[in-house]
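The values are calculated or read from the model by the stated rules, or taken from the named source; none is laboratory data. Computed from a prediction, not measured in an experiment: that's the story for all the values here. Because the Cβ atoms are built from the backbone with ideal geometry, glycine has one as well, and the counts that use them run over all protein chains shown.
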Amino acid sequence: MSNDSAAPPDRTDPATAARRPALAALADLFVPPVGHLYVGEVRRAILPLLAAYLVPGLLLLGILVRPSLATVLSVAGVATALGIRVFLAVDAYRLARGRTSGYVLRPYNRWFAYVALALLVWIGGEAYKAVLKSYLQAFRIPSRSMMPTLLVGDFLFVDKTARGRQGLHRGDIVVFPFPQDPTKNFVDRVVATGGETIEIRDKRVLVNGVALEEPYATHADPMVKPGGYEPRDNYGPFTVPPGELFVMGDNRDNANDSRYWGTLSERAVRGKALVIYWSWNDSQSSPRWDRVGMLVR
């Protein structure tokens, strides 16, 4: 008597093997969509995987348009990326559970195929990060030269396109490689641009003969040093060359800036500071929640 029902998979057949749910989930959690390839459903993960890259990236680029929403957009971007990874891991786990009775191995169910896919995803991810970094970059404040505007431990988003889109103006806070040591990043405020004449008289800054109103500037040392002694408190007059910037730290008595090493080429500017997305107080080992989301001005 014939039996038309399908025979169960032969567990001894090397062409069949059960899929391990935990392994599938971990693979997708750390390197999606390797877990879906492992269970034979890689096409099912393509759209969520693209969303895991594109949505957070678009949210981060949105900071260039609406820097006041930087904190919300940053949190949304991170939450989206993590959420989609968790979704993929759960989906891979569920699919693998349905294949515990035996899974017919495909030509791509080999270790070298998993490695190749992981490398492809990694290369694509690095290329995508490079594109994002051409617009936006994170930067950590390492020194006290911009206090109280910026504190040591503040983390900034820097708009790398500002110079080309808007140009640089007096009052902008810019990040640049330190001219005397390009391996270090510095951050200062633009005080004068090309063609303007700057002068400092007893700590007071004048541009084209007009005293600037600088509510952000602080002076910790009441002593006024004469101009022939050093340029901290008395400087110039000096006309900034075209294409150059005269930059100063807001912590005027404790800043190494254009008064000491000269003007900064506009082309050397890496970006304009936008917003503080995180701040950490090392001395207290705690976040500064009140500074998160602050616009840099």
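Of note:
- Scanning region 109-122 for any residue that is among the β-branched types (Val, Ile, Thr) and assigned by TED's automatic domain parsing to the domain that holds LEU60 turns up at least one such residue.
- Near pairs, Cβ below 6 angstrom, 6+ apart or cross-chain, from region 122-151 (under 19 Å from VAL31 (Cα atoms) and hydroxyl-bearing (Ser, Thr, Tyr)) to any residue that is surrounded by 11 or more Cβ atoms within 10 Å (Cβ to Cβ) and at pLDDT below 90: TYR128/TYR53
- Criterion (at pLDDT 95 or above, closer than 17 Å to SER145 by Cα, among the charged types (D, E, K, R) and in contact with a Phe, Trp or Tyr (Cβ under 9 Å, 6 or more places away or on another chain)) met by exactly one of ASP233, ASP257: ASP257
- Qualifying residue in region 224-231 (condition: farther than 15 Å from ARG267 by Cα and within 35 Å of the chain's Cα centre (by Cα)): no
- Inclusion of SER279 among residues that are touching a Leu at 6+ places or on another chain (Cβ under 8 Å) and assigned by TED's automatic domain parsing to the domain that holds PRO182 is warranted.
- Residue among LEU26, LEU37, LEU64, LEU59 that alone is closer than 20 Å to VAL275 by Cβ and touching a helix residue (DSSP H, G or I) at 6+ places or on another chain (Cβ under 8 Å): LEU59
- Screening MET146 with (1) touching a strand residue (DSSP E or B) at 6+ places or on another chain (Cβ under 8 Å); (2) more than 28 Å from LYS225 (Cα to Cα) gives one miss only, at (2).
- Where a residue in region 270-294 is among the aromatic types (Phe, Trp, Tyr) and its partner, wherever it lies, is assigned to a helix (DSSP H, G or I), with Cβ under 8 Å and at least six apart: TYR277/ALA70; TYR277/THR71; TYR277/SER74
- Residue satisfying condition, being on the phi > 0 side of the Ramachandran plot and either assigned by TED's automatic domain parsing to the domain that holds LYS184 or surrounded by fewer than 14 Cβ atoms within 10 Å (Cβ to Cβ) (or both), within set SER265, SER285: SER285
- When residues of region 49-71 are limited to those that are without any contact (Cβ under 8 Å) to a residue 24 or more places away in the chain and surrounded by fewer than 16 Cβ atoms within 10 Å (Cβ to Cβ), the one nearest to the chain's Cα centre (by Cα): LEU58
- Within region 238-297, being touching a Gly at 6+ places or on another chain (Cβ under 8 Å) and assigned to a strand (DSSP E or B) holds for THR239, GLU244, LEU245, SER265, VAL275, ILE276, TYR277, SER279, TRP280, ASN281.
- Among residues of region 152-188, those that are of a type outside the set (Lys, Arg), in contact with a helix residue (DSSP H, G or I) (Cβ under 8 Å, 6 or more places away or on another chain) and crowded, with 17+ Cβ neighbours inside 10 Å, counted: 7
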